[in-house]
1. Please go through the stretch 237-250 and pick out each residue that is surrounded by 15 or more Cβ atoms within 10 Å (Cβ to Cβ) and among the small types (Gly, Ala, Ser).
2. With Asn270, Asn210 as the choices, which residue is of a type in the set (S, T, N, Q) and touching a Lys or Arg at 6+ places or on another chain (Cβ under 7 Å)?
3. Report the residue count in the stretch 41-55 for those that are buried (at least 21 other Cβ atoms within 10 Å of the Cβ) and on the phi > 0 side of the Ramachandran plot.
4. Provide a single number: the residues in the stretch 280-329 that are more than 19 Å from Tyr374 (Cα to Cα), touching a Gly at 6+ places or on another chain (Cβ under 9 Å) and outside any loop (DSSP other than H, G, I, E, B).
5. Which of the numbered conditions does Ala269 fail, given that it passes all the others? Conditions: (1) out of contact with any strand residue (DSSP E or B) (no Cβ under 6 Å at 6 or more places or on another chain); (2) in contact (Cβ under 8 Å) with a residue 12 or more places away in the chain; (3) aliphatic (A, V, I, L, M).
6. If you go through the stretch 211-219 one residue at a time, do you hit one that is buried (at least 22 other Cβ atoms within 10 Å of the Cβ), touching a Leu at 6+ places or on another chain (Cβ under 6 Å) and either over 26 Å from His380 (Cβ atoms) or among the hydrophobic types (A, V, I, L, M, F, W, C) (or both)?
7. For the stretch 1-112, give me every one of the strands (runs of 3 or more DSSP E) that falls completely inside it and has 3 or more residues that are in contact with a helix residue (DSSP H, G or I) (Cβ under 6 Å, 6 or more places away or on another chain).
8. Considering every residue within the stretch 23-38, establish whether at least one is touching a Pro at 6+ places or on another chain (Cβ under 9 Å) and basic (Lys, Arg).
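The values are calculated or read from the model by the stated rules, or taken from the named source; none is laboratory data. These numbers come from a predicted model, not from an experiment. Cβ atoms come from the backbone with ideal geometry, glycine included; neighbour counts cover every protein chain shown.
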Amino acid sequence: MEKTLPTVILRPGEAERILAGHPWIYKGNILRITSPAEDGALVQVKDHRQRFLGVGFFNSKSKIHVRLLDTERIEITPAWLEEKIRLALRLRMKALSGATSFRVVNAESDFLSGLIVDKYEEVLVFQTSSLGMDLRKQEIIEALKRIFCPRAVVERNDIPSRKFEGLPEIHQIVHGTLEGPITTTLNDIRIEVDLLGGHKTGYYLDQQVNYQRVAHYAREANVLDCFCFLGGFALHAAKAGARQILGLEQSAEAVAAAAKNAERNDLSANCSFESTNVFDWLKVQTATRPNEKLVPRYDLIILDPPSFTRNRASVPDALRGYKEIHLRALKLLKRDGVLATFCCSHHVDANTFQEVILEAAYDAHRILRKIETYSQSPDHPVIPTIPETEYLKGFAFEIAH
């Protein structure tokens, strides 16, 4: 294989990150390529001293010129792809043994850069965000059919990142039949998900474990769930014994779906949902007249907003947004109440996120006691040497004073 594969030789000093496990090689990392390489083809990578580092997919049109897949001299065959997917599945079976819906393949976390596969009961949804993986879609689909015998396989390649690989947006059912939304089960809560039109691959599976952990604080509580989407946190809180839950979400369609999900789980009696701009709602609820004192009324507030930033340049604006919602949420939280808050932006690390929360607490005249730290569910595993695999971070704070 070494004689036939084009060889990408790295500049001096560029191999350490790759040896540590990071799979991305940018154009600026490359010293030279020994022979012409086709976009989407397999290449081998060596350091400037000709020491072998691994093999991966090449794409000259992408900022990421090479996505490493293996540190051995292997061929990317259908059997290799199937075994890698089976290995990823075994890891999920250990971490989430009772789950019926979860992420099967998480791209770099499973050393399958450019491939995501989510399982929603008997239906699979996949995304290929790299040219190399996209060219092998049919092999991936056949492997998924052999491993899972799914009722349907959906291709959700309508993500913006594909354009950076020179790939078109594609959105279709590639196997089986799927008529309308399906009902998926997360921790015994039934949630209807539109796999053809919903966010991401249909839902956010990365909070599955956190739903239960946050619900622990909901018993006999008056709960505010901000950015509730289809009601994941709200429904878990209701099942845990919350007195009353109000879910806020800007999308009227999502609010209607959340209300239906509450009915589906016989939780409508203490769940209500409102279509509103959360920032505006919080601003109105925390407004006071001169000499008027705001009376906090929530025992548990959940903040799980969408990412406020897509790049480093927008981080300052994002931090101002995070501070704003935390400042107002803390004013509505009772003494001994709990704030469960999350940030899903890779560009805002956990320390920075916590600092913003503490700044908001200072301005709100609240002293916080940190009682829990959250991350993404284990079906979205984190490789510490690949920082991009860790994006979801969260905390639970109790109002101490």
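1. Restricting attention to the stretch 237-250, the residues satisfying the condition of being surrounded by 15 or more Cβ atoms within 10 Å (Cβ to Cβ) are 237-240, 242, 244-250.
Matches in the stretch 237-250: Ala237, Ala238, Ala240, Ala242, Gly247.
2. It is Asn270.
3. Summing the residues that are buried (at least 21 other Cβ atoms within 10 Å of the Cβ) and on the phi > 0 side of the Ramachandran plot in the stretch 41-55 gives 1.
4. Total meeting the criteria: 2.
5. It is condition (2) that Ala269 fails.
6. Checked the stretch 211-219: at least one residue is buried (at least 22 other Cβ atoms within 10 Å of the Cβ), touching a Leu at 6+ places or on another chain (Cβ under 6 Å) and either over 26 Å from His380 (Cβ atoms) or among the hydrophobic types (A, V, I, L, M, F, W, C) (or both).
7. Details: elements: 7-10, 24-26, 30-33, 42-46, 52-58, 64-70, 101-106.
Passing ranges, in order: 101-106.
8. No, the stretch 23-38 has no match at all.
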